[in-house]
Amino acid sequence: MKKWFLLIITCLTISLLAACGNEKSSGNSEGKIKVTTTTGQIADAVKNIGGDKVEVTSLMGPGIDPHLYKASQGDIQKFNNADIIFYSGLLLEGKLGDVLGKISKDKPTVPIAEAISKDKLLSDKNNPNAHDPHVWFDIELWTEAVTEVEKELIKFSPENKELFEENAKKYKDELQKLDEYAKEQIQSIPEESRVLVTAHDAFGYFGHAYGLEVMGLQGLSTDSEYGLNDVQNLVKVLAERNIKAVFIESSISEKSINAVVEGAKKKGHEVKIGGELFSDAMGEEGTEEGTYAGMFKHNVDTIVSSLK
């Protein structure tokens, strides 16, 4: 009898957990739209457009690499609690793809970067069928992704249409000023010095938009491996072109770039670390670098001060 009682209790518990997991959220007690995003860049756009009508949870904080990120049980709960989910797409969140695909059957799950016209996207040189997902480094392209956030919030909550449109216009105006600032600052670097060397190939759109040649030790994803030949080839380029600075990234170990610096030193070419750039993740929440605009400006200023 005792065994049957325990079995019944266990079955009821499992049923309740399943029901909770499948329950669809409809906002919190204050009537706010509950939004879950993958990256901080997307969260920043949602907060600025949604204003006090949204409650935003971002899965990936400072120093987190989205290419290698795996969903925890807590993340699944955040997805379940959300009214709407925004993610980048273009395979940026590679290991979350299956999870997001399943959730999209039950609630709005929006890959905002995939709203950008395909003819404007850069291809992966190692895989022509794939696109470079780091679109937030070209403000003109990122504005198209931001517009997708605006459209989806309006679709979800049409009664707030005017507010979302007003907030989106203000946000896009700020982005345009930032774009103009970046172009002006990068132009102050001598043309022969406009070479950006980083740990992985995250700055292709940045280079394309602002006139920098970009070199990364690893490919578009940090999931790709690099070897001795990659290091040696990059060292050779640094020495031949007399490039004086390389950059580390906040979400990637310094090990790879340090190998390049040491390799160059052995060849008699001195290379310095030009500073830390924010690539796949933003800075700490509450700091200037913890916002999209602050992160972008930090990168511009760091690059210019080291290469100018």
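List of remarks:
- Size estimate for the chain follows the Kirkwood approach: the inverse of mean 1/r over distinct Cα pairs works out to 21.0 Å.
- Selected from Thr36, Thr198, Thr287 as most flexible by GNM, with the chain as the system and alpha-carbon contacts under 10 Å: Thr287
- Considering only Cα atoms, the convex hull volume of segment 258-308 works out to 76 Å³ per residue.
- Of Tyr181, Tyr292, Tyr210, the residue with the greatest mean-square motion in the GNM of the chain, using alpha carbon springs below 10 Å, is Tyr181.
- Cα→Cβ-extended label distance, 7 Å offset, between Arg241 and Asp119, nm: 2.9 nm
- For segment 73-214, alpha-carbon Rg relative to the globular expectation (2.2 N^0.38 Å, N residues): 1.21
- Taking 0.36 nm per residue of separation and subtracting the Cα-Cα distance, full extension of the segment from Glu262 to Glu144 would add 38.4 nm.
- The long axis of helix 292-307 is offset from the longest Cα principal axis of the chain by roughly 10 degrees.
- Split the accessible area of the chain by element, probe 1.4 Å, and carbon with sulfur accounts for 50%.
- Between the Cα long axis of helix 139-156 and the first principal axis of the chain there is an angle of about 10°, rounded to the nearest 10.
- Pairs exceeding a 30 Å alpha-carbon distance, out of Lys118/Lys177; Lys118/Lys244; Lys183/Lys266; Lys53/Lys78: Lys118/Lys244; Lys183/Lys266.
- Each of Thr57 and Ser188 was given a label point 7 Å from its Cα along the Cα-to-Cβ line. The distance between the two points is 4.3 nm.
- Average accessible surface area per residue within the chain, 1.4 Å rolling probe, Å²: 51 Å²
- Most mobile listed residue (Leu92, Leu228, Leu238) in the chain, GNM with C-alpha springs under 10 Å: Leu228
- Principal-axis tilt of helix 161-186 within the chain, Cα atoms, nearest 10 degrees: 20 degrees
- Per-pair calculated FRET efficiency, R0 = 35 Å: Lys151 and Ile76 via Cβ, rounded to 0.05: 0.85
- Backbone HN-Hα couplings from phi across segment 230-245 [Karplus 6.51/-1.76/1.60, Hz, Gly and Pro as x]: 4, 5, 4, 5, 5, 4, 4, 5, 4, 5, 5, 9, 6, 7, 9, 9
- Contour minus Cα-Cα distance for Lys161 and Tyr181 (0.36 nm per residue): 4.2 nm
- Note on Asp301 and Glu285: the extension gain reaches 3.8 nm, defined as 0.36 nm multiplied by sequence separation minus the Cα-Cα distance.
The values are calculated or read from the model by the stated rules, or taken from the named source; none is laboratory data. If you're wondering where the values come from, they're calculated on a predicted model, not measured in any experiment. Every residue, glycine among them, receives a Cβ derived from its backbone with ideal geometry; neighbour counts consider all protein chains shown. Ligands, DNA and RNA are stripped out before the accessible areas are found, and what is left, the full protein with its side chains, is counted by its heavy atoms. Shrake-Rupley method; radii C 1.70, N 1.55, O 1.52, S 1.80 Å.
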